[in-house]
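> The structure under discussion is supplied below as structure tokens; questions concerning it will follow.
The values are calculated or read from the model by the stated rules, or taken from the named source; none is laboratory data. None of the values given here were measured: they were computed from a predicted structure. Quick reminder, even Gly has a Cβ in these numbers, built from the backbone with ideal geometry, and neighbours come from all protein chains shown. To get the accessible areas, we keep the full protein, side chains included, count just its heavy atoms, and leave off ligands, DNA and RNA. Shrake-Rupley method; radii C 1.70, N 1.55, O 1.52, S 1.80 Å.
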Amino acid sequence: METWVDQAARLTKPDKVVFCDGSEAENNVILHEMLKHADSFRLNEKTYPNCYLHRSSPSDVARTEHLTFICTPDKDDVGPTNNWMDPGAAKIKVGALLDGAMRGRTMYVVPYIMGPANSPISKVGLEVTDSPYVVANMRIMARIGKVATDRLGNSADFVPGLHSLGDLDPLRRYIVHFPEERLIWSVGSGYGGNALLGKKCFALRIASYMARQQGWMAEHMLILGLESPGGKVTYMAAAFPSACGKTNLAMMVSALESQGYKVWTVGDDIAWMRIASDGYLHAINPEAGFFGVAPGTGMNTNPNVMRALNRNTIFTNVGVTSEDEPWWEGIGGGPPEGLVTWRGEKWDLSKGPAAHPNARYTVPAQQSPCISPNWEAPEGVPISAIIFGGRRGRLAPLVYESFDWQHGVFVGATMASETTAATTGDVGIMRRDPMAMLPFCGYDMADYFRHWLEMGKRIPKPPKIFHVNWFRRGANGKFLWPGYGENVRVLKWILERVEGRGEARETEIGYVPKKSALTLDGLHIAREALNELFRVDADDWEIDLADSREFFAKFGPRLPAELREEHQKLARRLERSIPA
Ligand code: GTP
Ligand code: SPV
Ligand code: MN
């Protein structure tokens with residue numbers, strides 16, 4: 001570890017190197033450093049103790065997928081959906097930007113564990129960074145310092161990551177991964193998934209590569225436990241693309257709590273899953289905190305997270321009130337007098353939203369009132385259902401179940417969703433995002449599909465696979481389904497299907513709940529809205545099939561034949577149902 005740190009320091013030439021032990025005293029020093037910068041502030045100490053506001057550079061507010069690369073000797077190994085750079089060329093190009101990048105700055109060395117400290121599934125990483133904001137976030141999002149160095153001992157089995165803010169210019173920003181070396185270099189961004197290297201860079205891109213080699217899975221999934229009457233808890237994992245509702249589903253206050261259905265959070269963004277000796281796929285949450293989307297989060301949508309956000313939280317790119325309290329669209333109520341925007345300007349209507357649409361909070365997981373008692377179980381939790389989903393204004397019904405694992409893999413592989421503010425670029429554009437891993441798979445996605453198919457054969461008690469869509473819109477353009485805490489009604493049906501109950505009708509695309517099978521008491525929803533939510537329109541699906549065929553074609557012969565077979569089977573089922 002010291003050797004690697006020395007090399008990183010020789011390249012970046014910091015004035016000072018600080019090894020982080022993760023202690024409270026050290027955290028205070030780092031927060032003090034963070035607050036020296038004009039972009040960070042302490043919030044109201046009475047109402048928001050130990051809370052901070054950080055404003056990132058206006059051109060550095062989301063992940064930048066076009067500046068993210070996978071570097072393998074053979075270009076074909078990253079597949080058609082990843083950006084590729086030759087490892088040698090990347091070292092030269094990005095190395096030039098890192099050369100001397102920390103002059104006049106302190107280099108913080110942050111050893112960290114992804115996963116519970118005592119779990120055999122956990123892994124150690126090491127991030128060096130010149131950003132105190134990154135250190136403060138890593139401290140919430142991972143287990144850092146002494147626990148990690150203790151776990152590592154003399155071993156060299158860790159994933160190193162070199163991060164520098166550089167000059168924050170998007171023209172000199174690169175997030176590059178060397179999966180064969182298990183190495184990450186990131187320069188030019190201080191934002192979330194670009195800079196907190198344990199998260200997307202390690203726990204998904206590098207880990208997905210390792211997982212295929214070693215026979216496990218690293219997925220962009222929340223993990224929740226659904227408690228049913230009598231107290232039994234059934235665990236489910238769900239993959240939705242960025243800003244499509246993972247945190248909210250994992251932390252919901254159930255609309256059916258009075259009937260005995262309650263949701264417990266194990267994780268909100270990433271799942272590492274292994275086949276355990278009981279025959280189930282077991283999942284751990286490699287993270288220790290939530291880096292969640294602030295806009296849209298309020299007492300009426302996600303009271304559990306709201307109750308966690310009033311202490312020890314770092315807010316990024318939210319607005320701030322005259323009382324030094326954080327504010328964003330959807331927090332409840334209109335913009336208060338004296339509101340200041342995420343860019344530090346006095347708010348008025350001409351400024352648009354006061355919080356950036358991808359504004360985030362970083363909060364310790366254990367502050368959540370619904371954190372599962374098993375969230376740090378070393379062996380993980382057994383997964384009974386995998387749920388795919390996305391933002392689909394049309395087409396996909398509220399929920400459907402795949403016929404079997406292979407069909408479920410096809411459902412995941414053909415997932416599509418409207419783009420969101422979580423990544424730089426246009427918002428609201430439909431794109432294919434298989435398993436919500438399009439930006440996070442560290443190798444060819446055709447091989448990734450193959451890995452999914454192989455895993456299915458190896459899991460003695462495989463989870464059932466479902467697809468949900470909270471975002472279908474009616475003719476008036478409004479969402480048909482109320483979402484949030486009401487989503488538990490769909491989870492309840494999924495649980496019943498897992499248990500072999502739950503009534504369904506077979507359609508061309510899979511099993512859809514019989515209308516009487518979904519618990520709707522207490523919910524005011526028009527019959528037409530329900531009909532539309534469950535409608536499977538064969539013509540629309542045929543159009544979608546043409547699009548997924550084109551997507552699959554990109555992968556050429558590497559695409560598993562099983563997926564072409566599923567594609568043809570669906571095409572045939574649709575043909576049969578459309579009158580000539
Ligand atoms: P990442 O952290 O980017 O991976 O996102 P995520 O999948 O955890 O998304 P999150 O739960 O933070 O939700 C993103 C946005 O979708 C927020 O603005 C939410 O308010 C909104 N949202 C979440 N769940 C629902 C839902 O059931 N219905 C509707 N209409 N909006 C939702
Ligand atoms: C996502 O974009 O999927 C996130 C936030 O969870 S980030 O850490 O920026 O990747
Ligand atoms: Mn995410």
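> Could you give the distance between the Cα centres of the range 498-514 and the range 210-249, to the whole Å?
Computed from Cα coordinates, the inter-centre distance equals 21 Å.
> Please list, in order, the residues from the range 54-98 whose amide nitrogen is less than 13 Å from a point placed 7 Å along the Cα→Cβ vector of ARG558.
Backbone N within reach: 70-85.
> Would you mind telling me the share, in percent, of accessible area of the chain contributed by carbon and sulfur at probe 1.4 angstrom?
Whole-percent figure for carbon plus sulfur exposure: 51.
> Using only Cα atoms, tell me the angle between helix 538-553 and the longest principal axis of the chain; keep it within 0 to 90° and round to the nearest 10.
Between the helix axis and the principal axis of the chain, the angle is about 40 degrees.
> Along the Cα-to-C-beta direction of ASN374, a point sits 7 Å from the Cα; which residues of the range 235-270 have their amide N less than 15 Å from that point?
235-238, 262-267
> Rolling a 1.4 Å sphere over the protein heavy atoms, what is the accessible area per residue of the range 290-367, to the nearest Å²?
39
> Right, next: About its Cα centre, what dipole magnitude does the chain give when the only charges are +1 on Lys and Arg Cβ and -1 on Asp and Glu Cβ, stated in debye to the nearest 20?
I would put it at about 360 debye.
> Further question: Can you find, among GLY296, GLY338, GLN366, the residue sitting farthest towards the positive end of the charge dipole of the range 290-367, where Lys and Arg contribute +1 and Asp and Glu -1 at Cβ?
Positive-end residue among those listed: GLN366.
> Of LEU559, TYR443, PRO229, which is farthest towards the positive pole of the chain's charge dipole, taken about the Cα centre with +1 and -1 on the beta-carbons of Lys, Arg and Asp, Glu respectively?
Positive-end residue among those listed: PRO229.
> By how many degrees, between 0 and 90 and to the nearest 10, does the Cα long axis of helix 24-36 differ from the longest principal axis of the chain?
On a 0 to 90 degree scale, this one is about 80.
> What do the square roots of 5 times the Cα gyration tensor eigenvalues come to for the chain, in whole Å, largest first, as semi-axes of the equivalent ellipsoid?
After scaling each eigenvalue by five and taking roots: 37, 28, 23 Å.
> Next question. Taking a 29 Å limit on the Cα-Cα distance, which of the listed pairs LYS262/LYS569; LYS13/LYS200; LYS16/LYS346 fall beyond it?
Beyond 29 Å: LYS262/LYS569; LYS16/LYS346.
> State to the nearest 20 debye the size of the charge dipole of the range 290-367 about its Cα centre, where the only charges are +1 on K and R beta carbons and -1 on D and E beta carbons.
Dipole size: approximately 280 debye.
> For SER23 and ARG343 in one chain, what is 0.36 nm times their gap in residues minus the Cα-Cα distance, to one decimal in nm?
112.0 nm
> Shifting gears a bit: Using a Förster radius of 45 Å, what is the FRET efficiency between GLU528 and ARG572 based on their Cβ-Cβ separation? Nearest 0.05, please.
The calculated FRET efficiency here is 0.90.
> Let me ask something else about it. How large is the accessible surface per residue of the range 87-159, computed with a 1.4 Å probe and reported in Å² as a whole number?
34
> Continuing with this model, one more query. Which Cα, out of ALA271, TRP375, GLY510, lies furthest along the positive dipole direction of the chain (beta carbon charges, K/R +1, D/E -1)?
Toward the positive end, the furthest listed residue is GLY510.
> While we're here: Just how far, in whole angstrom, is the range 267-307 from the range 529-563 if you go by their alpha carbon centroids?
After rounding, the separation between the Cα centres reads 29 Å.
> Between the range 90-141 and the range 169-201, what is the separation of their alpha carbon centroids in Å?
When both Cα centres are located, 10 Å separates them.
> Another question about this same structure. Calculate for the chain the 222 nm mean residue ellipticity that helices alone would give, adding -39,500 (n - 2.57) per DSSP H run of length 4 or more and normalising by residue count, nearest 500 deg cm²/dmol.
Helices in the chain give a 222 nm mean residue ellipticity of -7500 deg cm²/dmol.
> Moving to a separate point now. Is there a quick way to get the dipole size of the range 277-410? I mean about its Cα centre, with the Cβ of Lys and Arg at +1 and of Asp and Glu at -1; what is the value in debye to the nearest 20?
Its charge dipole is roughly 400 debye.
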